[in-house]
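One structure is given here, and the rest of the page talks about it.
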Amino acid sequence: MPSSCSASRTPGSPPRGAPPGERRPRGTGSGTALDTAPAAVARFDGVTDRTVIENCALATVDAAGTEHAAGHLVLADGRIESLGPGPVPAPLAGVTRRIDATGHLATPGLINTHHHFYQWLTRGLAQDAKLFDWLAALYPIWARIDEPMVETAARASLAMMARGGVTTAMDHHYVFPKGAGDLLGAELRAAAALGVRFVAARGSMDLGASRGGLPPDFAVEPVDEALRATEEAVHAHHDPSFGSMRQIVVAPCSPFSVSTELLREAAVLARRLGVRLHTHGSETAEEASYCREVFGLGPTEYLESAGWLGEDVWMAHCVHLEDADLAAFARTGTGVAHCPSSNARLGAGLARVPELLAAGVPVGLGVDGTGSNETGELHTELRNALLLNRLGPHRERALTVRQALWLGTMGGARVLGRQREIGSLEPGKLADLVLWRLDGLGHSTIADPVAALVLGPPAPVTLSLVGGVPVVENGRLLRADEEVIARAARSEARRLAELAG
C-alpha cells in the first residue's frame with residue numbers, strides 16, 4: 001500500500017452471529033455530527049484476529065449522520081466492533097492488521113440496486129435511441145446470449161463496480177434463450193469468484209413478438225416454466241441468514257414484456273417463499289401510455305392490482321410517477337432504484353427523488369445495464385443523482401452531497417431489505433467498507449471529504465472490504481485479473497455480434 005495507508009495484511013474471517021438490534025432511520029441523515037460522538041462499541045469476546053484502521057476521516061451514514069474528521073475503526077469476525085474519533089482509546093488484544101489511513105475517507109461500501117450484467121457485451125450500441133427503439137434494436141442480439149457470455153459479462157460488470165467501491169451488487173437477469181445454459185448459475189459463480197455480496201434477481205418474460213412483445217419468441221418462457229425455474233433458483237441458492245453472500249429475488253421484467261398472469265403468480269410465489277420482488281416500473285412516458293391503452297390503468301395502478309406494491313418490493317426507474325403513485329409508494333413502503341445516468345442516456349426523464357425521500361420512500365441507486373450506462377460504476381450515479389436533481393422543478397428540495405452518499409449506501413440497504421447488516425458504519429454491522437484516497441491531485445483541495453468523494457472525480461479505492469475480507473487493494477482486484485477479464489469480454493462480445501449477424 002502507499003505510505004498514506006500502510007499495513008501488514010491478514011484477512012478477517014467470515015461474518016457470524018446474530019444481527020444487532022435494528023435501527024430505523026427516518027430521512028437521510030443529511031446532517032453531520034463532527035467528532036461529538038464517543039466511540040461506539042459492540043465488543044466481541046474471544047477474538048484473536050482484529051483489524052484496526054486509524055487516522056482516516058469517517059462518514060458513518062448512520063441515522064445521526066455522524067462524521068469524524070480523524071477517527072478509527074476496529075473490525076473483528078467480519079463485523080465492525082467499534083469506531084469513533086481519534087485513535088483507538090485503549091490497547092486491544094489480537095490485532096493482526098493495523099492500517100494507517102491518513103489522507104483517506106472511510107465510508108460504507110456502495111450498494112448497487114439495479115443492473116443487467118449481460119449488457120456488458122453490447123455497450124455503445126443504439127447510441128441515440130429512446131427506450132422502446134433501443135430495446136427493439138438490442139433484443140435480437142441479447143436473444144443469442146449463452147452461459148459463457150453471461151459469466152464473462154458478469155465478471156466484467158462486477159469487476160468494474162468492485163474496483164469503484166461497490167461491495168453489494170444486484171443484477172436483474174430476465175433473458176433466458178432456449179438452450180442457453182445455466183445463466184443464473186453463471187452470475188452466481190462470477191460474484192463468488194470476485195468476493196462481492198450478491199443479490200440475483202431471477203427475471204422472466206413471457207410476451208414474445210408473436211404476442212405483441214418486443215423480444216423474439218425464443219427468448220421468452222412459458223409462465224409455468226418461468227415460475228418453476230424461479231422457485232428452483234430460490235431453493236438452490238437463496239441464503240436469508242445475516243451476512244449472506246447471495247440472495248435470490250423474484251423479478252418478472254416489466255409490464256410490457258410480462259403477462260398479468262406471470263406478474264400475479266410471481267408475487268404469490270415470492271411471498272410463499274419469503275423472498276423479495278423486483279421489476280421495472282414507470283420508466284418512460286411510452287410505458288405509461290401502453291399501460292393505459294392495454295390495461296386501462298397507469299403503471300403503478302396496474303402493478304398494485306397484480307400485488308406488486310409493498311415493503312418487499314422495489315422497482316427500477318419510477319421516472320413517471322404521478323402524485324397518486326408517489327403516495328402509493330409511500331403508503332406501502334415500496335422501494336425505488338434510481339438510475340439517473342441510464343434515464344438520461346435513453347431520454348426517459350428524471351425521477352422525483354427529493355419528493356420520494358421527503359415522503360419516506362426507500363430509494364437507492366442503480367447502474368442499470370451497461371448497454372445504457374457505459375461507465376458501469378456507481379460513483380457516477382452518486383454524482384448524477386445530485387446534479388441532475390438540481391435541475392428539477394423543485395430546486396428548493398434539491399439533494400445535498402450527503403443525501404447522495406446516503407442513496408448509494410444506506411438507501412440501497414433499505415431498498416434491498418438489508419439495513420440491519422450493511423449501509424452504514426455501526427458496531428455490529430458487517431465490515432463492508434471502503435477507504436477512498438483523497439490526498440491526491442483530484443481531491444486534495446476539497447476540504448470536506450464527503451464533498452470530495454461525491455463532487456470530485458472518481459476517488460481511488462485503496463481498500464475495499466466485504467465482511468472484513470479485502471476485495472480491492474490499491475485500486476486492484478485481489479481475486480481476479482482485470483486484463484484477463486477484459487480480453488475475455490472482448491472475445492465474447494465479438495462472438496455475440498457474429499451469432500446475431
* Any idea which of Val450, Val461, Val484 is outside the structural domain of Pro148 (by the TED database) and under 19 Å from the mean Cα position of the chain (by Cα)? -> Val461
* Asked: Would you call Ala106 farther than 20 Å from Glu287 by Cα, outside any helix (DSSP H, G or I), at pLDDT below 95 and not aromatic (Phe, Trp, Tyr)?
  -> no
* Asked: Among the residues of the range 145-166, is there at least one that is among the charged types (D, E, K, R), under 25 Å from the mean Cα position of the chain (by Cα) and not assigned by the TED database to the domain that holds Gly349?
  -> no
* To do: Could you give me the residue pairs with C-beta distances under 7 Å whose first residue belongs to the range 354-378 and is farther than 30 Å from Trp142 by Cα, whose second residue is small (Gly, Ala, Ser) and assigned to a helix (DSSP H, G or I) wherever it lies, and which are 6+ apart or on separate chains?
  => Ala359/Ala330; Gly360/Ala330; Val361/Ala330; Pro362/Gly411
* Asked: Say we look at the range 256-287 and pick out the residues that are assigned to a loop (DSSP other than H, G, I, E, B) and not charged (D, E, K, R); which of these is surrounded by the fewest Cβ atoms within 10 Å (Cβ to Cβ)?
  -> Gly274
* Asked: Do we have Ala330 as more than 18 Å from Leu262 (Cα to Cα), assigned by the TED database to the domain that holds Ala251 and surrounded by fewer than 17 Cβ atoms within 10 Å (Cβ to Cβ) here?
  -> yes
* **Condition broken by Glu301, with the remaining ones in (1) under 16 Å from Asp325 (Cβ atoms); (2) touching a residue at least 40 places away in the same chain (Cβ under 8 Å) satisfied** => (2)
* Is there a residue in the range 39-58 that is buried (at least 24 other Cβ atoms within 10 Å of the Cβ), in a loop (DSSP other than H, G, I, E, B) and at pLDDT 60 or above? -> no
* **Exclusive hit being under 30 Å from Arg476 (Cβ atoms) and surrounded by fewer than 16 Cβ atoms within 10 Å (Cβ to Cβ), set Ala192, Ala201** => Ala192
* Asked: Give me the pairs: first residue in the range 227-255 and within 20 Å of His115 (Cβ to Cβ), second residue at pLDDT below 95 and buried (at least 24 other Cβ atoms within 10 Å of the Cβ), beta-carbon distance under 9 Å, and six or more apart or on different chains, which are they?
  -> Cys253/Pro215
* Scan the range 349-375 residue by residue and report those that are surrounded by fewer than 23 Cβ atoms within 10 Å (Cβ to Cβ) and either assigned to a loop (DSSP other than H, G, I, E, B) or not assigned by the TED database to the domain that holds Ala201 (or both). => Gly349, Leu350, Ala359, Gly360, Glu374, Thr375
* **Any chance Thr152 is in a strand (DSSP E or B), polar (S, T, N, Q) and either under 16 Å from Tyr118 (Cβ atoms) or touching a residue at least 12 places away in the same chain (Cβ under 8 Å) (or both)** => no
* Structure fact -> Subset of the range 85-104, residues buried (at least 22 other Cβ atoms within 10 Å of the Cβ) and either of a type in the set (Gly, Ala, Ser) or free of Cβ contacts under 8 Å to residues at least 60 places away in the same chain (or both), comes to Ala101, Gly103
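The values are calculated or read from the model by the stated rules, or taken from the named source; none is laboratory data. Note that this is a predicted model, so its numbers are computed, not measured. Neighbour counts are summed over all protein chains in view; Cβ atoms, including those assigned to glycine, are modelled from backbone coordinates with ideal geometry.
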